[in-house]
Amino acid sequence: MRALTKKGNQLLKTCITLLSFSQMASSKKQFYPAADRNKQPILDILKDHISLSDKRKCLEISSGSGQHVSFFAPHFPNVRFYPSEESRFLFDSINEHVKSDGLGNVEQARYIDASSPPETWYDGKLQKETLDYVYNCNMIHLVPFSTTEGKQKSSPLYI
Ligand SMILES: C[S@@+](CC[C@H](N)C(=O)[O-])C[C@H]1O[C@@H](n2cnc3c(N)ncnc32)[C@H](O)[C@@H]1O
């Protein structure tokens, strides 16, 4: 009886492990360790610069996995966030983070290549001078200088 219970426990452990692996494999969420490490210190700084009461709009360039926007959004319920990415395969991860956290103030992820003409940004759905903030983290050291130039030139059109 004791031996059976031991075997049963082992079988149960194996099933639970297999279940967690299959859940991890089916989730579209990506997790970047760096984003987890730096999200709190960044949030502390954002709170000094983003209004906590007035209605605001914030475009995020290079949202990556979506960890940042989904972590920040609940702290600024007055702000509507517009995540974006140049790598389309990350849209699912961004949207999944937002969905599973139940966030109502974050739009669906859209395409922005920061080096491209600003009229094409966010599928051409951004209107000029309608944003309050453009947030971009951990991108400029990884991309050609034209991308940083594009971002610097385009952002003022929307703010
Ligand atoms: C290191 S990740 C940073 C992601 C996120 N901001 C974070 O801090 O966790 C750099 C991101 O820049 C994006 N990226 C690369 N070239 C880009 C471009 N031309 N325009 C916009 N994003 C770009 C990549 O797809 C990648 O997701």
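Read-outs throughout are calculated quantities, based only on the coordinates presented, and are distinct from any laboratory measurement. Bear in mind the structure is a predicted one, so any value in this text is a computation, not a measurement. Here the Cβ positions follow ideal geometry from the backbone for every residue, glycine too, while neighbour counts run over all protein chains shown.
Remarks
- Derived scalar couplings ³J(HN,Hα) [region 88-105; Karplus, 6.51 cos²θ - 1.76 cosθ + 1.60; whole Hz; x for Gly, Pro]: 5, 5, 7, 4, 4, 5, 4, 5, 5, 4, 5, 5, 5, 8, x, 8, x, 10
- ³J(HN,Hα) computed for each position of region 56-63 - Karplus, 6.51 cos²θ - 1.76 cosθ + 1.60, integer Hz, glycine/proline x: 9, 10, 10, 8, 9, 9, 6, 5
- Environment charge of TYR82, counting only residues whose C-beta is closer than 10 Å and scoring Lys/Arg +1, Asp/Glu -1: +2
- Residue-wise HN-Hα coupling along region 107-122, computed from phi with Karplus coefficients 6.51, -1.76, 1.60 (Hz; x: Gly, Pro): 6, 5, 5, 10, 7, 9, 9, 4, 8, 8, x, x, 5, 8, 4, 6
- All-pairs alpha carbon distance profile, region 28-158, 5 Å steps from 0, percent: 2, 11, 22, 24, 22, 15, 4, 0
- Built amide H within the under 5 Å cut-off of SER115, gap 5+: none
- Environment charge of LYS39, counting only residues whose C-beta is closer than 14 Å and scoring Lys/Arg +1, Asp/Glu -1: -2
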